[in-house]
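Report on the structure given below.
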Amino acid sequence: MNKNSIRIGAGAGYAGDRIPPAVELAQHGQLDYLVFECLAERTIALAQLERKQHPEKGFDPLLAERMRAVLPICLKQGTRIITNMGAANPSQAGREVLRVARELGLPDVKVAVVQGDDVLPRLLQDGLQLPLLDSDAPLASLQDRLISANAYLGADALLPALESDAQVIVCGRVADPAMFLAPLMHHFAWAANDWAKLGQGILVGHLLECAGQITGGYFADPGFKDVPNPARLGFPLAEVRSDGSAVITKVNGSGGCVNVATCTEQLLYEIENPARYLQPDVVADFSQVLLTPDGPDRVRATGASGQPRPDTLKVTVGYHDGFIGEGQMSYGGPGCVARGQLALELVRQRLQDAGLGGYEARYELIGVNSLIPQAQAIAEPDEVRLRVAVRTPTRREALLVANEVEALYTNGPAAGGGASKSVREVVAAAAVLVPREWAQPTVTVLDQGAAA
Amino acid sequence: MKLRELAHTRTGDKGNRSTLSVIAYDARDFARLEAQLTAERVKAHYSGTVQGHVDRYTLPQLGALQFVLHGALAGGVTRSLALDAHGKTLSSHLLNIDID
């Protein structure tokens, strides 16, 4: 391995992400590390509910499929895998990786399992008076509805796993960029208080963590921003040097593009104050970042810095938040907007008559005003789709909403077709800040003796 | 002239806030965008969607303006009733704004 530079790839930007680009990257990226980021805000809460029903589950449902696709290649090439696909059950996920490895005839795999992000017991004991972020209420206001509470661990939680000889590292909630920062700290022996380098490492992680979003995904706008061969969009990798400077690129011949425009969009994606990007390891400063072309599909990223890490960790809290009943129905041809609006009025009146009038609701026409509520149709479209969504305390009421839309078939305006309906139990996410010592990360290395 | 001729945009979500990036295609247009795309103007463009205030950060070396739209996501992606709960589509809506 070249000590002055390492190559890190992103194999997934969310739980359901595409697998073929990850395989292509593993095969041709000459990677030292391949990172799969698969945990959205409430994924762990949903996984926790699943684990309650099935104690052997609660990790990413695509874990086995992803491992079958990349594990043989990564082992052969000496590429280590880091992933948060452990979700609410990292130890079972670790055993699942071993099971897949055995199935593939790869008996020598070792898996490091990182735990300690689950702080629900500690929060219930000591944290109920903590204020919810973006709210005036304390955590206690959600007490009887809580499902999960997971702290965003930092790169420090992953370092012992990297120091082991495990080829695969499985964790639950770890800050997304920290999964990329950790191998940089490990490989280049960066000090945990070298804030400038940690800030640059967070920059690398932030640019890579959404995978295809920096290689031309979430980007194409024909005629303005064209993306070559977008159907075969490749996933990104970074070549990172010991000073933290990096080049973002992708595998030769893969679809998509890496240019200053794609990198700038991703740099700012989900960033609030660019000078203070709060992370468990460092407060990263992206305000002076420079992105410069470095050849075809290559962009150099430099200039990030950092300030000392916060004393607190952010904890995402999952909780039950009632139900959403939804129904949709299409109208087409002349007068379709008027018929859609009449249908909305009928449903609104019927739900009011049923006692549901006081609930938070959306009454809209897809094709006119479902994305921007105050929008007006400029010219009559050829078709619209009615959508009604209502938040209800009970499943029964949510079903009533859905059924009232479907009932437009025989009780609504002319020629409504293609009804669909759904009732969803809402698992919402809130956040609190806790003293960092409330999370005590642990690392366990598993070998074949522990396979699922 | 429409903003679409001069810049590209992307939205992200953070709790009940939407982040909205505006990036000039040509660095020479940045000063115009900085002068005309004020936080107040962006808030007005999204009236009916943005319930709170709008912050703006400038990144001249990237030709970029970063807006944070508070209270823009009907409670946030995990509980919103909106069809596009992330607010992913909000970025394109800004491209229609007029720039002198």
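The values are calculated or read from the model by the stated rules, or taken from the named source; none is laboratory data. Being a predicted model, the structure only gives us computed values, none of them experimental. Every residue, glycine among them, receives a Cβ derived from its backbone with ideal geometry; neighbour counts consider all protein chains shown.
Here are a few things to note about the model shown:
- Just one of the listed residues (A:Ala175, A:Ala182, A:Ala191) is out of contact with any strand residue (DSSP E or B) (no Cβ under 8 Å at 6 or more places or on another chain) and at pLDDT 95 or above, namely A:Ala191.
- Within the stretch A:194-251, the only residue that satisfies the criterion of being part of a loop (DSSP other than H, G, I, E, B), aromatic (Phe, Trp, Tyr) and over 19 Å from A:Pro21 (Cα atoms) is A:Phe224.
- When the stretch B:39-83 is filtered for residues that are facing chain A (nearest Cβ under 10 Å) and among the β-branched types (Val, Ile, Thr), the ones remaining, listed by number, are B:Thr49, B:Thr58, B:Val68, B:Val77, B:Thr78.
- Qualifying residue in the stretch A:45-68 (condition: surrounded by 19 or more Cβ atoms within 10 Å (Cβ to Cβ), over 19 Å from A:Asp176 (Cα atoms) and among the polar types (S, T, N, Q)): yes
- A:Glu425, sole failed condition from (1) without any contact (Cβ under 8 Å) to a residue 24 or more places away in the chain; (2) within 14 Å of chain B (Cβ to nearest Cβ); (3) of a type in the set (Asp, Glu): (1)
- Test result for A:Arg339, of a type in the set (Lys, Arg), in contact with a helix residue (DSSP H, G or I) (Cβ under 6 Å, 6 or more places away or on another chain), more than 10 Å from every other protein chain (Cβ to nearest Cβ) and in contact (Cβ under 8 Å) with a residue 24 or more places away in the chain: no
- A:Gln92 meets the conditions (1) over 23 Å from A:Pro236 (Cα atoms); (2) part of a loop (DSSP other than H, G, I, E, B); (3) in contact with an Asp or Glu (Cβ under 7 Å, 6 or more places away or on another chain) in every case but one. The failed one is (2).
- Within the stretch A:374-416, the residues that satisfy the criterion of being in contact with a Ser or Thr (Cβ under 9 Å, 6 or more places away or on another chain) and of a type in the set (Asp, Glu) are A:Glu383, A:Glu406.
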